[in-house]
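Read through the structure below, which is laid out as structure tokens, and then see the notes.
Just so it is clear, none of the values below were taken in a lab; they were calculated from the coordinates. Keep in mind that this is a model prediction, so the values were computed, not measured. Note: ideal-geometry Cβ built from the backbone for every residue, glycine included; neighbour counts use all protein chains shown.
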């Protein structure tokens with residue numbers, strides 16, 4: 001907001017937990033990239049690695065998703081959430097040991113989950129592929145990291161928090177809430193029959209709308225006014241946007257159940273709540289419309305992420321309708337929506353916030369501006385190509401499935417070219433994320449050298465590179 | 001928003017609302033009882049045989065549900081019935097005895113709800129074992145579910161040995177036999193059948209040209225039988 005250097009003593013004093021979380025996140029991102037590429041190759045060429053019992057397609061897809069969601073998104077979201085809350089408190093993060101230990105155990109939990117899935121403890125629930133025995137560890141370690149954030153929240157300087165802090169503080173609380181319920185209803189005292197699918201759908205929608213999306217929005221809501229130096233537009237409505245997604249998020253569960261052996265009212269609730277989310281998306285876009293001025297790398301990523309977010313709200317609502325789901329349900333469109341959410345919306349917003357936050361946390365400029373620009377180009381290209389190829393595969397598949405006379409071999413053949421495109425997109429994304437990792441670890445290693453501190457010319461210069 | 005306590009209570013209550021939807025569904029689905037057919041004194045669905053129950057766990061552990069669904073959708077939601085995947089739509093009661101229902105969300109391969117009663121012809125155990133061993137167009141082979149064994153001197157080949165042809169045939173003096181995992185998986189697959197038609201699986205179809213709001217008395221009685 002002012003033209004004084006951004007970096008504060010707060011960032012310097014609380015950098016180790018944040019850097020550990022970010023380093024874990026970026027490492028998992030590369031691991032997830034390798035596994036996603038493997039899964040995409042198996043989808044294109046089923047014989048690939050078929051002789052390996054730990055890497056059936058069902059396993060690789062589940063492992064890749066777990067590494068991406070619980071390795072990358074969770075760690076990055078927690079790092080940015082703690083950073084936002086710490087800056088709010090105006091003093092170094094408290095309970096840093098809790099955050100460090102929590103992060104270590106969280107990563108152990110993710111590793112155990114991946115080994116467990118490879119060994120055959122697949123749950124088959126989307127976004128909840130963690131075997132049941134890992135979940136208590138995940139709950140406690142998430143809670144340990146959250147302690148630091150909650151202390152920063154309760155010790156804040158100003159009584160009235162900003163919208164970014166609502167989202168971050170809420171997300172610290174909602175994952176334990178929904179994960180503990182899902183754990184009991186799916187693993188401790190499993191619900192009967194198809195009720196398990198209802199619980200899993202509720203968890204999937206809740207994990208996205210009230211855990212991952214708030215973490216991503218929190219970062220965006222913090223960075224956009226900082227970079228542009230202007231107040232949020234239509235701030236008064238932000239509270240409505242926040243509350244609406246929190247209340248309605250889990251109610252969209254019926255989107256996954258359309259046409260299946262479930263009560264029809266679940267679907268009706270999903271249609272209504274999916275349409276209510278339009279209001280949420282409009283408020284978010286209005287609040288953050290300055291992101292589309294496109295100054296600097298952070299805003300470019302955030303603008304792209306917000307576009308994906310808005311598109312996701314529309315597509316999600318559309319696929320809740322029975323007429324659409326009859327054609328598009330049970331196809332690759334489901335996967336396309338998931339990638340649009342996890343990669344297009346959440347990951348792009350995290351990228352933007354990371355490019356803004358890391359120089360301030362480390363006090364060092366990004367190692368290479370060229371790598372930053374290459375990452376921007378490759379990441380956006382990869383995400384667009386991945387989602388587009390999956391949508392086109394879904395079109396080919398849906399057309400074939402809609403005609404009873406079309407044999408399955410023909411449907412498989414018609415999706416193959418698009419699945420090959422998805423492989424290429426995953427390869428591009430892997431390369432992009434590798435560049436991010438090189439740049440991040442290079443920048444972090446600069447900390448060991450005694451170097452002049454980065455100069456932040458003015459608040460509007462987003463990346464110091 | 002100024003009070004910490006009020007904030008977290010607010011978040012808790014907001015999530016509680018969607019959890020209420022879950023509880024509503026649980027009241028409806030959790031109390032589903034098996035259906036007793038008074039005309040022939042049988043109860044449906046039936047429990048799976050032991051080997052099939054084991055096989056369902058193999059099915060889940062291998063992640064088969066990543067490519068195969070187990071839910072037949074009604075007419076108007078795609079031609080599931082015309083493809084011969086089932087004689088009727090799947091209903092919640094079909095799954096009440098399954099410890100881990102595998103409904104799936106992507107039809108990369110065919111639906112398997114009623115595989116054991118597939119029309120026009122259902123595959124038998126040998127067909128499925130051969131398919132698992134050799135793979136198919138679009139489906140990987142699962143050779144790690146089989147072992148290649150030497151046939152001892154003067155010994156009979158196992159009666160479980162696969163009868164393979166062409167390039168897949170094992171060398172002279174060897175045989176390929178399914179492991180317990182493969183046998184239970186196939187035992188599960190051949191037992192997948194939803195042949196009994198529950199009242200709720202026969203939705204009342206409004207005849208063309210008739211006002212759906214005004215049901216004839218007879219149709220209302222048939223449609224309302226629960």
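Counting only the backbone N, which residues of segment A:239-266 are under 16 Å from the spot 7 Å out from the Cα of residue A:322 toward its beta-carbon?
Within reach of a label on residue A:322, which here means backbone N under 16 Å from a point 7 Å along Cα→Cβ, segment A:239-266 contributes A:254-266.
I'd like the orientation of helix A:195-206 relative to chain A: the angle between its Cα long axis and the longest Cα principal axis, in ° from 0 to 90, rounded to 10.
Tilt of helix A:195-206: around 30 degrees.
Quick check: Cα centre of segment A:290-327 to Cα centre of segment A:141-206, how many Å?
The distance from the Cα centre of segment A:290-327 to that of segment A:141-206 comes to 24 Å.
What residue among B:65, B:155, B:14 has the largest mean-square fluctuation in a Gaussian network model of chain B, using Cα springs under 10 Å?
Looking only at B:65, B:155, B:14, the biggest GNM fluctuation is shown by B:14.
Which residue, B:209, B:116, B:152, has the most motion in a Gaussian network model of chain B that connects Cα atoms within less than 10 Å?
Looking only at B:209, B:116, B:152, the biggest GNM fluctuation is shown by B:209.
So for chain B, Kirkwood radius off the Cα pairs, Stokes-Einstein at 4 °C and 1.567 mPa s: how many µm² s⁻¹?
The estimated diffusion coefficient comes to 61 µm²/s.
What are the extents of the Cα atoms of segment B:66-115 along their three principal axes, listed from largest to smallest and rounded to whole Å?
Taking max minus min along each principal axis of the Cα atoms, segment B:66-115 gives 29, 23, 17 Å.
For A:73, A:100, which order do you get if you count the other beta carbons within 10 Å of each Cβ and list the fewest first?
With the fewest neighbours first, A:73, A:100 line up as A:100, A:73.
Percent of Cα-Cα pairs more than 15 Å apart in segment A:101-180, please.
Considering segment A:101-180, 61 percent of its Cα-Cα pairs are separated by more than 15 Å.
How large are Rg and Dmax for segment A:1-136 when only the alpha carbon atoms are used, in Å?
Values for segment A:1-136 (Cα only, Rg and Dmax): 18.2, 61 Å.
Rg and Dmax of chain A, using alpha carbons, in Å: what are they?
21.4, 71
If R0 is 25 Å, what FRET efficiency do you get for residue B:195 and residue A:409 from their C-beta distance, rounded to 0.05?
Efficiency computed from Cβ-Cβ geometry: 0.35.
How long are the semi-axes of the equivalent ellipsoid of segment A:184-267, defined as square roots of 5 times the Cα gyration tensor eigenvalues? Whole Å, largest first.
35, 14, 9
Tell me the mean residue ellipticity at 222 nm calculated for chain B from its helices only (DSSP H runs of n ≥ 4, each -39500 (n - 2.57), averaged over every residue, nearest 500).
Result for chain B, helices only: -10000 deg cm²/dmol.
At 7 Å along Cα-to-Cβ for each site, give me the label-to-label distance between residue A:314 and residue A:16 in nm.
Distance between label points: 4.9 nm.
If you take all C-alpha pairs in segment B:1-119, what percent of them are over 24 Å apart?
The share of Cα pairs beyond 24 Å in segment B:1-119 comes to 47 percent.
Could you state the principal axis extents of the C-alpha atoms in segment A:257-337, from the largest down, to the nearest angstrom?
Sorted from largest, the Cα extents of segment A:257-337 read 49, 25, 15 Å.
May I ask you to derive the FRET efficiency for residue B:82 and residue B:136 from their Cβ-Cβ distance with R0 = 25 Å, giving the value to the nearest 0.05?
The value I calculate is 0.70.
Based on alpha-carbon centroids, what's the gap between segment B:142-183 and segment B:190-205 in Å, whole number please?
38
Which of A:375, A:334 comes first, and how do the rest follow, when ranked by fewest Cβ neighbours within 10 Å?
Lowest count first: A:334, A:375.
Quick one: length gained pulling residue B:75 to residue B:119 fully straight, 0.36 nm per residue minus the C-alpha distance?
14.2 nm
I'd like the FRET efficiency for residue B:23 and residue A:384, computed as 1/(1 + (r/R0)^6) with the beta carbon distance as r and R0 of 35 Å, rounded to 0.05.
0.30
Quick one: angle between helix A:296-319 and the longest Cα principal axis of chain A, in degrees between 0 and 90, rounded to 10, please.
30
Looking only at B:188, B:204, B:142, which one moves most when chain B is put into a Gaussian network model with springs between Cα atoms under 10 Å?
Maximum fluctuation in the GNM of chain B, among the listed residues, is at B:204.
Per-residue Cβ counts within 10 Å, from other chains only, averaged over A:146-153: what number is that?
Counting Cβ atoms of other protein chains within 10 Å of each residue's Cβ and averaging gives 1.
Using the number of other C-beta atoms within 10 angstrom as an exposure proxy, rank A:350, B:36, A:203, A:140 with the fewest first.
B:36, A:140, A:203, A:350
In degrees between 0 and 90, to the nearest 10, how far off the longest principal axis of chain A does helix A:57-66 point, with axes built from Cα atoms?
The angle comes out near 20 degrees.
In nanometres, what is the gap between the two model label sites at residue A:108 and residue A:239, each 7 Å from Cα along Cα-to-Cβ?
4.3
For segment B:117-210, what is the relative contact order in percent, using Cα pairs closer than 8 Å and at least 6 residues apart in sequence?
Reported as a whole number, the value is 30 percent.
Per residue of A:129-138, count partner chain C-beta atoms within 10 Å of its C-beta, then hand back the mean as an integer.
For this peptide, the per-residue mean of nearby foreign Cβ atoms is 0.
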